[in-house]
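Beneath this line is the structure, given in structure tokens, with notes to follow.
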Amino acid sequence: MPQKRVRNHVNPLSILTEHSFAGFGNDRPIFVDVGACKGEFSAALLEKFPDHNFILFEIRKPLARKLIEKFSEFSNVVVFDGDAGRNFQKILQPCLDQGAEIEQIFVNFPDPWFKEKHKKRRFLNANILQKCVSWLPESAEFVFQTDQKFLFDETREMLRETLYDQIEIFKTSAHGIPTHWEQQKLLEGAPIWRMCICRK
Ligand SMILES: C[S@@+](CC[C@H](N)C(=O)[O-])C[C@H]1O[C@@H](n2cnc3c(N)ncnc32)[C@H](O)[C@@H]1O
């Protein structure tokens with residue numbers, strides 16, 4: 001049987017799927033993986049932090065289905081397909097209401113959306129960060145990693161429009177775990193650009 005093609009880039013603004021979530025029912029700290037792809041990074045993080053809760057977003061449905069399968073035995077991992085931006089607050093808010101801390105939100109090697117007119121498709125944009133100020137606690141950190149220097153520079157520039165002005169540049173893989181994409185780029189000898197962003 002021919003394999004179904006998984007599209008490389010999906011315009012997040014065209015995917016209108018909305019989810020709801022009742023929360024984990026506990027107040028354990030939470031890691032969020034935006035664009036989890038095949039879930040290797042989250043799986044390794046889960047091994048290091050088995051008592052954390054994990055929220056994974058993956059826009060490509062076939063990949064999201066595989067992620068659901070991959071983590072099916074873990075009650076502390078949930079996976080949502082669709083656009084992470086559209087679902088972000090709706091999924092995280094119930095967890096905050098249950099007293100959980102959103103520890104880190106990983107935006108690892110996001111699709112760069114090169115063209116000016118496509119920039120609004122980026123998950124990490126001024127609009128979402130401005131909204132976050134009203135509901136996401138100050139302590140929540142965004143961890144952003146990319147092999148695209150221009151994207152790193154533009155993201156830093158964009159942060160000036162927001163209250164997310166605490167920017168720490170770091171040099172090695174987040175939590176010592178290179179993501180799948182990162183491993184490939186490191187093999188090619190490409191430099192990686194990384195920053196941790198918050199407003200505390
Ligand atoms: C270049 S890959 C990086 C995958 C993984 N984070 C890594 O570092 O190996 C980007 C991933 O983000 C997903 N993605 C892109 N935009 C998204 C969005 N708005 N919401 C959720 N997932 C998204 C893509 O489908 C893809 O799996």
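The values are calculated or read from the model by the stated rules, or taken from the named source; none is laboratory data. Quick caveat: nothing in here was measured; it's all calculated off a predicted structure. Ideal geometry is used to build each Cβ from the backbone, glycine not excepted, and the neighbour counts take in all protein chains shown.
Checking the structure you have, find out if any residue of the stretch 158-174 is part of a strand (DSSP E or B) and closer than 23 Å to LEU46 by Cβ. Steps first, answer last, please.
Pass one, the stretch 158-174, residues part of a strand (DSSP E or B): 166-169.
In the following step, the residues that additionally are closer than 23 Å to LEU46 by Cβ were identified as none.
Checked against the condition, which is being part of a strand (DSSP E or B) and closer than 23 Å to LEU46 by Cβ, the stretch 158-174 yields no hits at all.
Matching residues to (1) within 15 Å of the ligand (Cβ to nearest atom); (2) of a type in the set (S, T, N, Q):
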| residue | (1), (2) |
| --- | --- |
| HIS52 | no, no |
| GLU58 | yes, no |
| ALA64 | yes, no |
| GLU69 | no, no |
| ASN76 | no, yes |
| ASN87 | yes, yes |
| LEU92 | yes, no |
| LEU96 | no, no |
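I'm trying to understand the selection: among the residues of the stretch 84-101, which are buried (at least 18 other Cβ atoms within 10 Å of the Cβ) and without any contact (Cβ under 8 Å) to a residue 60 or more places away in the chain?
Taking the stretch 84-101 and keeping what is buried (at least 18 other Cβ atoms within 10 Å of the Cβ), we get 84-88, 91-92, 95-96, 100.
Within the stretch 84-101, PHE88, LEU96 qualify.
Which condition breaks for LEU46 when tested against (1) more than 12 Å from the ligand (Cβ to nearest atom); (2) closer than 25 Å to LYS131 by Cβ; (3) buried (at least 16 other Cβ atoms within 10 Å of the Cβ)?
Going through (1) more than 12 Å from the ligand (Cβ to nearest atom); (2) closer than 25 Å to LYS131 by Cβ; (3) buried (at least 16 other Cβ atoms within 10 Å of the Cβ) one by one, LEU46 breaks only (2).
Given the criterion surrounded by 18 or more Cβ atoms within 10 Å (Cβ to Cβ), farther than 29 Å from ALA190 by Cα and within 13 Å of the chain's Cα centre (by Cα), identify the matching residue among ASP33, ASP81.
None of the other options fit; the residue is ASP81.
Do we have any residue at all in the stretch 147-157 that's in a loop (DSSP other than H, G, I, E, B), crowded, with 20+ Cβ neighbours inside 10 Å and hydrophobic (A, V, I, L, M, F, W, C)?
no
Residue by residue, here is whether (1) among the aliphatic types (A, V, I, L, M); (2) modelled with pLDDT of 95 or more; (3) under 18 Å from the mean Cα position of the chain (by Cα) holds:
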{"site": "VAL133", "(1), (2), (3)": "yes, yes, yes"}
{"site": "LEU136", "(1), (2), (3)": "yes, yes, yes"}
{"site": "PHE142", "(1), (2), (3)": "no, yes, yes"}
{"site": "THR146", "(1), (2), (3)": "no, yes, yes"}
{"site": "PHE150", "(1), (2), (3)": "no, yes, no"}
{"site": "ASP153", "(1), (2), (3)": "no, yes, no"}
{"site": "TYR164", "(1), (2), (3)": "no, yes, yes"}
{"site": "ILE169", "(1), (2), (3)": "yes, yes, yes"}
{"site": "HIS175", "(1), (2), (3)": "no, yes, yes"}
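For PHE109, indicate whether it is near the ligand (Cβ under 8 Å from one of its atoms), in contact (Cβ under 8 Å) with a residue 24 or more places away in the chain, buried (at least 20 other Cβ atoms within 10 Å of the Cβ) and on the phi > 0 side of the Ramachandran plot.
Taking the combined requirement at face value, the residue satisfies it.
Please work out which residue is surrounded by the fewest Cβ atoms within 10 Å (Cβ to Cβ), limiting yourself to the stretch 158-200 and to residues that are among the aromatic types (Phe, Trp, Tyr) and within 16 Å of the ligand (Cβ to nearest atom).
PHE170
Take ALA36 and tell me if it is near the ligand (Cβ under 10 Å from one of its atoms), modelled with pLDDT of 95 or more, under 16 Å from ASN87 (Cβ atoms) and not aromatic (Phe, Trp, Tyr).
It is true that ALA36 is near the ligand (Cβ under 10 Å from one of its atoms), modelled with pLDDT of 95 or more, under 16 Å from ASN87 (Cβ atoms) and not aromatic (Phe, Trp, Tyr).
Does the stretch 133-142 hold any residues that are over 20 Å from ARG121 (Cβ atoms) and either of a type in the set (Asp, Glu) or surrounded by 15 or more Cβ atoms within 10 Å (Cβ to Cβ) (or both), and which are they?
Residues satisfying the conditions are LEU136, GLU138, ALA140, GLU141.
On the given criteria, is GLU161 within 13 Å of ASN108 (Cα to Cα) and of a type in the set (D, E, K, R)?
no
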